[in-house]
Amino acid sequence: MIASLAGLAFLAMQTPPPESAWTWTLYADEARVALANEAPDTPNLRFTLECEPGSGVARVAFYGGARNTGMARVTAGEAAAVTEATVDRGALKLALRTDHPVFAAFAAEGRLAAAVGEQRRTVEVPRPHLAKLRRFAELCSG
């Protein structure tokens, strides 16, 4: 019985939160700005943007199942860029300048895609949360 309960508890920890638990949250202080697609009060993340205020560079992370490192083709709207991508603890990480047309299109439309080899990752910021994305860009821009 105890082994069964322990097994169920382990499975519960592995089960992602329900869709209704996920949201977009903007965090900002004098040292760091972050926009996260997260299930609050849990370690669950799908996507983050981070920067130092005024730096003009956003660090992008797509969480879950990243495998390939190398050059990433990043697109938003009609704009495209190529940047180096790394994998850290299952997250695909890359950097984008906030004044680049790709980032501007992402802030305007809320959709960003990255491809490294056959691996494709996409994030969509729903319209009600676009103001947070635009505020992130404003705080990070140099």
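Observations on the model:
- Student exercise, the chain dipole from Lys, Arg, Asp, Glu Cβ charges, in Debye to nearest 20: 260 debye
- Rounded percent of accessible protein surface that carbon and sulfur make up, region 29-124, 1.4 Å probe: 47 percent
- In this calculation the C-beta distance from Leu130 to Asp88 is compared with R0 = 25 Å, giving a FRET efficiency of 0.35.
- Note on Thr69: accessible area approximately 90 square angstrom, rounded to 10, probe 1.4 Å, nucleic acids and ligands left out.
- Summed residue charge, Cβ within 11 Å of Val123's Cβ, Lys/Arg positive, Asp/Glu negative: +2
- When Glu78, Glu138, Glu50 are compared by accessible area at a 1.4 angstrom probe, the order from most to least is Glu78, Glu138, Glu50.
- The chain - mean residue ellipticity at 222 nm from DSSP helices (-39,500 (n - 2.57) per run, n ≥ 4, rounded to 500): -7000 deg cm²/dmol
- Accessible surface for the chain, divided over its residues, is 58 Å² per residue with a 1.4 Å probe.
- Cα-based shape type of region 14-86, given that a ≥ b ≥ c are square roots of the gyration tensor eigenvalues and the cut on a/c is 1.5: oblate
- Region 45-101 shape via C-alpha gyration tensor axes, a/c threshold 1.5: oblate
- Nitroxide proxy distance, nm - points 7 Å out along Cα→Cβ at Ala80 and Arg120: 1.3 nm
- Each pair of Cα atoms in region 96-142 enters the Kirkwood radius, and Stokes-Einstein at 37 °C and 0.692 mPa s then converts it into a translational diffusion coefficient of 291 µm²/s.
- Sorted largest first by accessible area at a 1.4 angstrom probe radius, with every protein chain in place, the residues Arg97, Arg127, Arg67 fall in the order Arg127, Arg67, Arg97.
- Potential extension, Glu30-Asn68 segment - 0.36 nm per residue separation minus Cα distance: 10.3 nm
The values are calculated or read from the model by the stated rules, or taken from the named source; none is laboratory data. This one's a predicted model, so the numbers in the text were calculated from it and none came from an experiment. Using ideal geometry, Cβ is built from the backbone for each residue, glycine included, and neighbour counts are taken over all protein chains shown. Quick note on the areas: whole protein, heavy atoms, side chains included, nothing else; ligands and nucleic acids left out. Shrake-Rupley method; radii C 1.70, N 1.55, O 1.52, S 1.80 Å.
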